[in-house]
1. With r as the distance between the Cβ atoms of Ala262 and Gln74 and R0 = 56 Å, compute the FRET efficiency 1/(1 + (r/R0)^6) and round to 0.05.
2. May I have the convex hull volume per residue, in Å³, for the Cα set of segment 237-382?
3. Determine, for each peptide in 199-205, 212-218, the mean count of other beta carbons within 10 angstrom over its residues, then list the peptides with the highest first.
4. Can you work out the FRET efficiency for the pair Asp18 and Glu229, with r the C-beta to C-beta distance and R0 = 25 Å, to the nearest 0.05?
5. Rounded to the nearest whole Å², what accessible area per residue is found for the chain with the 1.4 Å probe?
6. Semi-axes of the equivalent ellipsoid of segment 307-385: what are they in whole Å, largest first, if each equals the square root of 5 times a C-alpha gyration tensor eigenvalue?
7. Given the pairs Lys15/Lys218; Lys127/Lys180; Lys50/Lys347; Lys180/Lys321; Lys15/Lys321; Lys50/Lys99, which are separated by over 30 angstrom at their Cα positions?
8. Can you bin segment 4-232 into rounded, prolate or oblate? Criterion: square roots of the alpha carbon gyration tensor eigenvalues sorted a ≥ b ≥ c, rounded for a/c under 1.5, prolate for a/b above b/c, oblate for the rest.
Amino acid sequence: MPSITLMGAVDWDRKLFDSLIPLPEGTSYNAYLVRGSEKTALVDTVDPAKLDVLMAQLDTVDHLDYLVAQHAEQDHSGSIPAVLARYPEAILVTNPKAKELLQEHLDIPDDRFRTVADGETLSLGDKTLRFIYLPWVHWPETMGTYIEEDHVLLSCDFLGSHRAQSGVFAERHIVMHGAKRYYAEIMMPFRGFIVKNLDKLTGLQIDMICPSHGPVYKEPAFILDAYREWAGGPPHNKVVIPFISMHGSTLKMVDRLTAALADRGVTVERFDLTTADLGDIAMSLVDAATIVIGTPAVLTGPHPKTIEIAYLAGALRPKTKFVSIIGSFGWGQRIIDVLGGLIAPLKAELLTPVLAKGDPRAADMQAIDALADTIAAKHHEAGLL
């Protein structure tokens, strides 16, 4: 689109985000130059590590009237001071909450700012920018920018994906995996806000969505529909079993539960925590009706890797309805107390745990079968099976 130019940088080699989130497909930091008949605006910048790429692109831009900051996180805002230094005439446009954060994090002078209200417009001549507050996707100050004449939404982190690619546009069969992973790892804790923000966009004609990470959606309906399903749709008839087994006892119980659930028509996705990718687990949690954590006891508590996954589930807050715990112990255990506290934020129903002392015996396996019966019945009652 002649009036909108994709700038920013593709980061092919970055493997970890926030020193936490694996990036198997790399990422990108998208900035957008919008040229009107009278004024020019740059929307967002790039991670400081890629500042040289953005600066080279800006060699073609002699004058900048506005720099729009949609989000204060530094993978998008970190290069703002350098851009403002290059263009001393540019006004930094953002909302009051973002202004506060940008001043705290980047020490930007007060006189460089212009703050805008939700729904306020800014004219570039024959192009009009309308600013739309999109709080908690995934920070409180996030906003998007709607270009009214072109029906284009610059959506910031909302609806994005951590994906590096040479092309500009998203192909559904390629981007969906990364988009779901991005939603699971970053957006899922804010499901309620996502639904509200999707509703807020309903009245807009949106012909293209340009996120701050990943490719551009030239046919945006599929990502909007996917977010509605991920955030607001019912869970699926699926049990996620993250587990670890030190001497084989817990593995026997996991195998028994997997088979029993399959016999009862329940889908199972299981993850051995010695090798599993946390992003893959997060994706699986997006639409799981039930989570069953399998763990042995370590010094009476759950295995540390299951503590990590229980904390992750509690922090991500998927729409899970039921949880349980299975595993084994040697001489004592506080497994249920510890894991139960970590998964409490899910507000899911705790189904009777099954813990075996030592190697599971016939009675323990019968209890596993009974747990499978309960899960299948709960799924049926919820209309999932």
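1. With R0 = 56 Å, the Cβ-Cβ based efficiency is 0.75.
2. Once divided by residue count, the hull of segment 237-382 is 89 Å³.
3. Result, highest mean Cβ count within 10 Å first: 212-218, 199-205.
4. After rounding to 0.05, the efficiency reads 0.45.
5. Solvent-accessible surface per residue comes out at 41 Å².
6. 22, 19, 7
7. Lys127/Lys180; Lys50/Lys347; Lys15/Lys321
8. rounded
The values are calculated or read from the model by the stated rules, or taken from the named source; none is laboratory data. All values derive from a computational prediction rather than experimental measurement. Reconstructed Cβ throughout: ideal geometry from the backbone, glycine too, with neighbour counts over all protein chains shown. Side chains are part of the model used for accessible areas, which takes the heavy atoms of the whole protein and leaves out ligands, DNA and RNA. Shrake-Rupley method; radii C 1.70, N 1.55, O 1.52, S 1.80 Å.
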